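Here is the structure we will look at, set down as structure tokens.
The values are calculated or read from the model by the stated rules, or taken from the named source; none is laboratory data. As the structure is a prediction and not an experimental result, all values here were calculated from the model. No Cβ is skipped: glycine too gets one built from the backbone with ideal geometry, and neighbour counts run over all protein chains shown. The protein model used for the area step is the full one, side chains on, heavy atoms only, and it has no ligands, DNA or RNA in it. Shrake-Rupley method; radii C 1.70, N 1.55, O 1.52, S 1.80 Å.
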Amino acid sequence: MATEIVRLSAGMSGTGYQPFWSKCVGAGRAAEGLRLNWQEHLDTAHRECGFEYCRFHGLFHDDMFPYHEDAEGNPVYNFQYIDELFDRMLERGVRPFVEFGFMPRELAANDGTTFWWKGRTAPPKDFNRWGAFIEAFLRHLVRRYGREELRRWYFEVWNEPNLNGFWHGTRSEYFELYRHTARAVKAVDPEFRVGGPATSNFVPDERFDGETEDVSKQQTFRVEDIDQLAWHGVWIEAFLDFCAREKLPVDFVSTHPYPTDFALDGHGKFGGLSRKRDSVLDDLRWLKQTVARSAYPQAELHLTEWNSSPTPRDHMHDQLPLGAYIVRTNLECIGLVDSLSFWVFTDCFEEGGAGDSIFHGGFGLINFQGIKKPAFHAYRMLHALGTEMLLHDETGVMTRDPESGKLRGLYCNYPADFLKTPPICRQREQLPETINWPGDLNFELEVTDLKPGTVVEAEFVDRDSGFAFRRWEELGCPEPPTREETRLLREAAEATRKVLLRADEHGILRWQTRLQPWALLLLKEL
């Protein structure tokens, strides 16, 4: 049995760090944000997980009614629905991480769309008219929310333009879109933050440049070689070079490091293969080094989408391994980026239509009925950490809250011999092989120099606590659950196991326990 031994002095010095995991979280599309359950779930995610910003698609989709043209072809702007959404978010303490997209129908150069709700993915028929639209929108926001408030927002140009599902245009046309958008943003206020290219994803070294959709140029590789390949972010270098040549602003660089092969990015068929468990760490190191070498070394780094996989029908999203993967990946990437935005906070999410089960493998931290998943607990526990780092290894961290001076620790049992990201499970029957992975972790804690009698709370999330999916199975997998069953499932999700530990008369706390595979352990000095 593997053993994790944690020894520290309560008075030891630490170093500050940025808890980037609570900076931003994703959601599906703007119109979903006008629903009550979406707003309730956002309130919960902000309150318990600390998310400061939220990003989503479809802000300019026709169901938000931002743009049309009159009988003479003149633009008519209408931002009332967007105002309502932003107002509701700000009331809850969450700022928009604004994704400019998709294209209003009467501005679109072609009929390209995505998803059942027909988000328009065309370039604008007139780039100047698009730029004027962006400028008018931002001037409206300044009047409504104030210039100082807007300087705290982020403005990202489009979503995944390297995918033909999200951009029915060329790379050059995207760069032209960025040119007009960035200039429009800065025309309103030079201090507003704009960035891109928001591409998906990372690909092996030998890749075509994305300017063509010629399938004959798509790369292939052997499955056994996937973890030996060198992976690079799509379009990042070309984007930075273009912006430098054209003297365009880049306040932040964004991309989406899903830890899967090719990840639907047009550079090869999506095989649904999981990369090694440290692939995100490798990708973020590459990104940080690439941007540091560019003409924009001070640009912030925002990974505006991330999850264990890019499919909204992956049953692993409902399970314990994802929680352990979230904790492990975020902790090992400290110091590399400004945000790693989980996609998404709620299963009020309709890219693939409504889920046909309460646990259908949706991206959300919270399911449609408001039931928290292990992934939610992972972010809640990360948010509970202090911002002064005392100890850090691949199993977890010990920190201190500098305001209260109290200790906070977080550990997970991501089995040492499980070398991959949690695999994609399109059928629920595929889950047992991973979730029943063997290998308890013996956890030993020794803290000295505490005040005698100091109490530390140990909180567990594992197969037996804080895991509503298992309770749902015990209830017979009701579809849909009754109101009473829903209440029971919500309670099961909240029912984590807690143990109180106490320092002895010498100010020493010693404790030993076992962590099940995929378990989370939060330590809080009370």
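Figures for the structure shown
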quantity: 11 Å beta-carbon shell around Ala31, net charge (K/R +1, D/E -1); calculated: -3
quantity: Alpha-carbon centroid distance for the pair region 410-426 / region 130-195, whole angstrom; calculated: 38 Å
quantity: Cα→Cβ-extended label distance, 7 Å offset, between Cys477 and Arg144, nm; calculated: 4.4 nm
quantity: Added length on full extension, which subtracts the Cα-Cα distance from 0.36 nm per residue, Glu494 to Leu36; calculated: 162.7 nm
quantity: Per principal axis, descending, Cα span of the chain in whole Å; calculated: 82, 50, 47
quantity: Of Thr114, Pro66, Phe97, farthest towards positive along the dipole that unit charges on Lys, Arg, Asp, Glu beta carbons give region 48-116; calculated: Phe97
quantity: Carbon + sulfur, % of accessible area of the chain - ligands and nucleic acids excluded, 1.4 Å; calculated: 47 percent
quantity: Heavy-atom surface of the chain, accessible at 1.4 Å and reported per residue (Å²); calculated: 38 Å²
quantity: Lys, Arg +1 and Asp, Glu -1 on Cβ, resulting dipole of region 393-461 about Cα centre, debye, nearest 20; calculated: 280 debye
quantity: For peptides 452-463, 177-188, sequence by mean Cβ density within 10 Å, most packed first; calculated: 177-188, 452-463
quantity: Within-9-Å neighbourhood charge of Arg277 [Cβ basis; K, R +1; D, E -1]; calculated: +3
quantity: Cut-off 11 Å between beta-carbons: net charge of the residues surrounding Phe242, Lys and Arg +1, Asp and Glu -1; calculated: 0
quantity: Fully extended contour minus Cα-Cα distance, from Glu444 to Asp111, at 0.36 nm per residue; calculated: 113.8 nm
quantity: Distance-filtered residues of region 60-78 - backbone nitrogen under 11 Å, label point 7 angstrom along Lys118 Cα→Cβ; calculated: 62-63
quantity: By average C-beta atoms within 10 angstrom, highest first, the peptides 404-415, 422-433; calculated: 404-415, 422-433
quantity: Diffusion constant of region 331-399 at 4 °C, which comes from Stokes-Einstein with the Kirkwood Cα-pair radius and 1.567 mPa s, µm²/s; calculated: 92 µm²/s
quantity: Cβ charges +1 (Lys, Arg) and -1 (Asp, Glu), total dipole of the chain, debye; calculated: 740 debye
quantity: Per-pair calculated FRET efficiency, R0 = 56 Å: Ala132 and Ala2 via Cβ, rounded to 0.05; calculated: 0.40
quantity: Lys, Arg +1 and Asp, Glu -1 on Cβ, resulting dipole of region 69-213 about Cα centre, debye, nearest 20; calculated: 500 debye
quantity: Kyte-Doolittle at least -0.5, axis length at least 18 Å by Cα - qualifying DSSP helices, the chain; calculated: 127-145, 279-293, 320-332
quantity: Highest average packing first - 227-234, 466-473, Cβ atoms within 10 Å; calculated: 466-473, 227-234
quantity: Above-threshold pairs, the threshold being 26 Å between Cα atoms, out of Lys451/Lys524; Lys288/Lys372; Lys23/Lys372; Lys276/Lys498; Lys372/Lys498; Lys451/Lys498; calculated: Lys288/Lys372; Lys276/Lys498
